[in-house]
Amino acid sequence: MKTKAPPKRKILKFFVKYRTVSLVGFGLWLYFAMSAYNISLWWIVLAGTIMGIVFGKVFCRWVCPIGMVMEFLLRLSADAKVRQMYAYHKLGCPIAWISGYLNRFSIFRIKLSADSCTSCGICDKKCYIVAMEPAKYSLYKTVKSNPGDSYTCSKCLECVAACPNGSLNYKS
Ligand code: SF4
Ligand code: SF4
């Protein structure tokens, strides 16, 4: 019998499903706030770092105006050049570097409750990091590394939202 997802999980699924809406909202807001109030890039780096300490690398996929443009381009074209451009912009971004490094130390992390996990593997199929390096990473095979702690994890939370048993959680 299919069990009903608790309200907290429903909210998380909703946000993950409409993440790009949030990205556009935050991205445009940040862009206009920076332009209107002449906010220095250093304040943005500081804000991104504080977010990194608490939540890990959330800035790139949930807030960043450049990330917003890049995701838009990726939706228009999955061309290898566009993908390279996306990767290239992240290489040059101090917030991506700092918050990516903080993924393994952040207060909120992606955690597995092994008791309820049925090893169905759905989470791994949703994760772009596992797709790139399946021999190294897994969200449920504990002999492998947790992709959520890796530099590359931008906290899309697709893995957490996809787990049918609520065995993956993004918590402190
Ligand atoms: S989706 Fe959930 S139940 Fe399935 S393997 Fe991943 S953590 Fe385990
Ligand atoms: S949040 Fe989950 S699915 Fe997304 S990149 Fe990180 S580990 Fe992979």
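The values are calculated or read from the model by the stated rules, or taken from the named source; none is laboratory data. This structure is a prediction, so every number in the text was calculated from the model and none was measured. Don't worry about glycine lacking a Cβ; one is built from the backbone with ideal geometry, like all the others, and counts go over all protein chains shown. Just so you know, the surface numbers come from the protein's heavy atoms only, side chains and all, with ligands and any DNA or RNA stripped out. Shrake-Rupley method; radii C 1.70, N 1.55, O 1.52, S 1.80 Å.
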Exercise for the section: Could you rank the peptides 103-115, 28-40, 53-65 by their average count of other C-beta atoms within 10 Å per residue, with the highest value first? Expected result: 53-65, 103-115, 28-40
Handout entry: Förster radius 35 Å - calculated FRET efficiency between W43 and M132, Cβ distance, rounded to 0.05
Key = 0.60
Practice task
Give the carbon-plus-sulfur fraction of the accessible surface of the chain in %, rounded to a whole number; probe 1.4 Å, heavy atoms of protein chains only.
Solution key: 67
Exercise for the section: Mind giving me the nanometre distance, one decimal, between the label points for S172 and F14, set 7 Å out from Cα along Cα→Cβ? Expected result: 2.3
Practice task
Sticking with the crude label model, points 7 Å out along Cα→Cβ, report the distance from S116 to F32 in nm, one decimal please.
Solution key: 4.0
Problem - For the chain, diffusion coefficient by Stokes-Einstein and Kirkwood Rh (Cα), 4 °C, 1.567 mPa s, µm²/s - result: 76
Practice task
Using only Cα atoms, tell me the angle between helix 65-76 and the longest principal axis of the chain; keep it within 0 to 90° and round to the nearest 10.
Solution key: 60
Practice task
Over the chain, give the accessible area per residue in Å² for a 1.4 Å probe, as an integer.
Solution key: 63
